[in-house]
Amino acid sequence: MVTARYINPEIHPALTDEDKKKCIDVRIKVFVDEQKYPLETETDDEYDPISAHWLATCQIADTNERVPVGTIRLVPVKNDKQVGKLGRLAVLSDARGLSLGKKLTLTMLEDAKAQGIKSIVLDAQVDKRGFYEKIGFVVEDADKEPYLVDGTPHCKMWMRSIPKEKLI
């Protein structure tokens with residue numbers, strides 16, 4: 001549902017505490033308020049301090065105020081510097097339809113590749129599987145069975161080799 005409300009989307013690494021707080025605020029709106037996950041899943045997260053985060057912002061058409069509308073993070077995988085874990089991809093409901101989820105994911109993949117990461121794994125909500133498949137992630141044979149995360153069916157997906165060509 002695209003609204004003319006948002007214009008001029010931008011994505012940048014969330015390097016400051018202020019930007020990281022904006023990422024958490026977006027996640028709370030999507031995962032807690034909209035999808036009804038417990039608040040603790042976003043506020044007591046052990047991976048946030050060690051993860052790289054990106055923030056998508058847009059201008060509000062009527063005011064030109066720039067506001068946060070999406071986020072994604074890359075979690076380092078313990079004991080394997082060539083694998084990263086995509087997590088917490090979230091786009092506000094009224095900003096969906098602007099391809100921000102895809103743009104956030106491709107931006108994260110480009111930055112991961114620049115860091116020497118070769119493969120990305122993620123725990124996808126089952127109903128979001130098609131979104132990730134269009135970007136190039138797959139469910140491998142050993143990971144075919146869905147599993148519950150906080151009551152929601154998920155599946156493990158992989159991108160074993162981040163494409164060498166520029167993605168964005």
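The values are calculated or read from the model by the stated rules, or taken from the named source; none is laboratory data. Here the structure is a predicted model, which is why all the values come from computation and not from measurement. Counting neighbours? That spans all protein chains shown, and the Cβs are built from the backbone with ideal geometry, glycine included. Keep in mind that these areas ignore ligands, DNA and RNA; they rest on the heavy atoms of the full protein, side chains included. Shrake-Rupley method; radii C 1.70, N 1.55, O 1.52, S 1.80 Å.
Just a few scattered comments:
- Failed item, numbered, when Gly130 is tested on (1) small (Gly, Ala, Ser); (2) farther than 22 Å from Tyr147 by Cβ; (3) open to solvent by 30 Å² or more (accessible area, probe 1.4 Å): (2)
- Segment 151-165, subset under 24 Å from Asp80 (Cα atoms) and assigned to a loop (DSSP other than H, G, I, E, B), residue least open to solvent (accessible area, probe 1.4 Å): Ile162
- Residue match in segment 141-150 (condition: assigned to a helix (DSSP H, G or I), touching a residue at least 40 places away in the same chain (Cβ under 8 Å) and either touching a strand residue (DSSP E or B) at 6+ places or on another chain (Cβ under 7 Å) or open to solvent by less than 50 Å² (accessible area, probe 1.4 Å) (or both)): no
Okay, residues lined up against (1) farther than 23 Å from Ser99 by Cα; (2) more than 17 Å from the chain's Cα centre (by Cα); (3) among the hydroxyl-bearing types (Ser, Thr, Tyr):
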{"position": "Arg5", "(1), (2), (3)": "no, yes, no"}
{"position": "Asn8", "(1), (2), (3)": "no, yes, no"}
{"position": "His12", "(1), (2), (3)": "no, no, no"}
{"position": "Asp19", "(1), (2), (3)": "no, no, no"}
{"position": "Lys29", "(1), (2), (3)": "no, no, no"}
{"position": "Pro38", "(1), (2), (3)": "yes, yes, no"}
{"position": "Asp44", "(1), (2), (3)": "yes, yes, no"}
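- Contacts under 7 angstrom Cβ, first residue in segment 94-114 being basic (Lys, Arg), partner in a helix (DSSP H, G or I), 6 or more apart: Lys102/Ile135
- Subset of segment 5-49 that is in a helix (DSSP H, G or I) and open to solvent by 100 Å² or more (accessible area, probe 1.4 Å) - its residue that is farthest from Gln59 (Cα to Cα): Glu40
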